[in-house]
Amino acid sequence: MAGEDDDGDAISSTPGGFRLRWDVFLSFRGEDTRSTITKSLYEALKSRGVRVFLDDDGLDRGDDIAPSLLEAIDDSAAAIVVLSRRYADSRWCLEELAKICESSRRCLILPVFYQVDPSDVRRQGGPFSEHFSAHELQYGNAVVSKWRDAMAKVGGKAGYVCKSCWYLTVY
């Protein structure tokens, strides 16, 4: 049961308060970045005690992949989205991104623009243009529209731009 403190602010009587399972959810295109920048970022965060969800590390054996990924997004305080040239080629990456952007509980979203221009992400230009065109033919405008909105939102956020780096130093 919740009550109020001396200032009239609501307080929770839940012992220890509510804690999410993950501090950070990493969204990335595996074949583009798994063994480079994503691996470096994951290891750096993990070594500092950050609880990081990585698709092959955060899933329990026997879990259904899609529901588990979507649950992990809801159970994360922040999302780091590593946007690479083929990120939008993956329907699953776009579904993750849409879920991150529409999550009922707002989380911090930090984009890493890995060898892509943030304006191409924002406008779905450059390498993303053909991917979205192909998705529209396969999935229709209604589905792709939510993916486009998510890309535009994340592309409009300040983040890290890595034009030629293969790792990211975390201090």
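Scanning the stretch 90-118 for residues that are acidic (Asp, Glu) and open to solvent by 40 Å² or more (accessible area, probe 1.4 Å) yields GLU95, GLU102, ASP117. Only residues that are in contact with a helix residue (DSSP H, G or I) (Cβ under 7 Å, 6 or more places away or on another chain) and of a type in the set (Lys, Arg) were counted across the stretch 117-141, and they come to 1.
Among the candidates VAL144, VAL121, VAL154, single out the residue that is touching a Gly at 6+ places or on another chain (Cβ under 8 Å), buried (at least 18 other Cβ atoms within 10 Å of the Cβ) and modelled with pLDDT of 90 or more.
Details: VAL144 fails: touching a Gly at 6+ places or on another chain (Cβ under 8 Å); VAL154 fails: touching a Gly at 6+ places or on another chain (Cβ under 8 Å).
The unique qualifying residue is VAL121.
The residues of the stretch 124-141 that are open to solvent by less than 20 Å² (accessible area, probe 1.4 Å) and of a type in the set (Phe, Trp, Tyr), listed by number, are PHE128, PHE132.
Going through the stretch 80-89 one residue at a time, which ones are more than 15 Å from ARG148 (Cβ to Cβ) and open to solvent by 10 Å² or more (accessible area, probe 1.4 Å)? Answer for the stretch 80-89, where residues must be more than 15 Å from ARG148 (Cβ to Cβ) and open to solvent by 10 Å² or more (accessible area, probe 1.4 Å): ILE80, ARG85, ARG86.
The values are calculated or read from the model by the stated rules, or taken from the named source; none is laboratory data. If you're wondering where the values come from, they're calculated on a predicted model, not measured in any experiment. FYI the Cβ positions are ideal-geometry reconstructions off the backbone, even for glycines, and counts take in every protein chain you see. In case anyone asks, the SASA skips ligands and DNA or RNA and just uses the protein heavy atoms, side chains included. Shrake-Rupley method; radii C 1.70, N 1.55, O 1.52, S 1.80 Å.
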